[in-house]
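Accompanying notes for the structure given below.
The values are calculated or read from the model by the stated rules, or taken from the named source; none is laboratory data. Quantities reported herein were computed from a predicted structural model and do not represent experimental measurements. Cβ coordinates were reconstructed from backbone atoms using ideal geometry, including for glycine residues, and neighbour counts include every protein chain displayed.
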Amino acid sequence: MIAGPCESTLFGGVLAALAAALCWTLASFCWRRLPSSLTAAELNLLKNALGLLLLLPLQLLLWQPLPAAAWLLLAASGVIGIAAGDSLFFAALRRLGARSTLTIEAAAPVVTTLAGLWLLAEWPDGLQLLGVLLVSAAVLLVARRAAVHPVSPQPAASRLGVLLALLAVLCASGGALLSRQVLAAATISPWQAAAVRLAAATLVQLPLAPTVLAGAWLRPRPRPAAPRWSMVLLATLLGTALGIGLQQAALAQLPVAQAVTLLATAPAMAAVLAPLDRDRPGLSGALAALLAALGVWCVVA
């Protein structure tokens, strides 16, 4: 295993990763309950643009120059991990529900660990690898349950949801690896890294802006828009502004395999909140949450 940072830095990275996972879990439930005529990609553009606006005040205080390579890597990370990955995630969320989608997303530690070994030469020890495998076992349980007991009444929609969630995993892992390369090599604020990634994701999705504006503002609504926009802002603040900033803080302070494994603890948190999504986790869901928790303990221990 490569030499790690000091204990205080590790502790801060662990807290940042777990806080990001909680933010993403709460935001997922908000997005799931939000009525919208926008597609997954259009909804992704909306939350990215709003998240970027929420982060702008911090950039006035924390902005610093970066090498050209760092700009390119962070921009690519935003396009792959946020523009593509979050669009796929939203599409899966609508078909599977928050708990099942988040648990399938727990496949990210395996993908990221293998890629980290190859690309970044970050070698976890035996206990950490066990933690990654335990979290991955939770994925298999929920993927099987999504096929046998789907949230959607249409089995085809559930199968498509599983596929979309797995593609979102690949994008999220690629984005995390690119961010880690920058954060490990340069002195940069995690919030600046989050803003650069969001800016790149928003830029590539701008062709969808006219549709988003038409769906969000121009179409007549039978009910006042204030409650809907309050939930949009809350979900964006939690999942985009805070969640991505805390994710970058975790990637800056922890090896990528440990950071992504801790970020994947959202399923254990989502299992506790499952009744909010009218979803009963059942025995397999409880076992998946337990395996995820044990995997986290192995990584942190």
Residue among SER87, SER77 that alone is farther than 24 Å from SER284 by Cα, small (Gly, Ala, Ser), modelled with pLDDT of 80 or more and over 12 Å from the mean Cα position of the chain (by Cα)
SER77
Unique residue being under 21 Å from VAL204 (Cβ atoms) and in contact (Cβ under 8 Å) with a residue 60 or more places away in the chain when the list is GLN59, GLN64, GLN128:
GLN59
When every residue in region 200-231 that is crowded, with 20+ Cβ neighbours inside 10 Å and either of a type in the set (A, V, I, L, M) or part of a helix (DSSP H, G or I) (or both) is compared, the one modelled with the lowest pLDDT is VAL212
Need the failing condition index for LEU117 against (1) crowded, with 20+ Cβ neighbours inside 10 Å; (2) more than 27 Å from GLY285 (Cα to Cα); (3) not β-branched (Val, Ile, Thr), just the number.
(1)
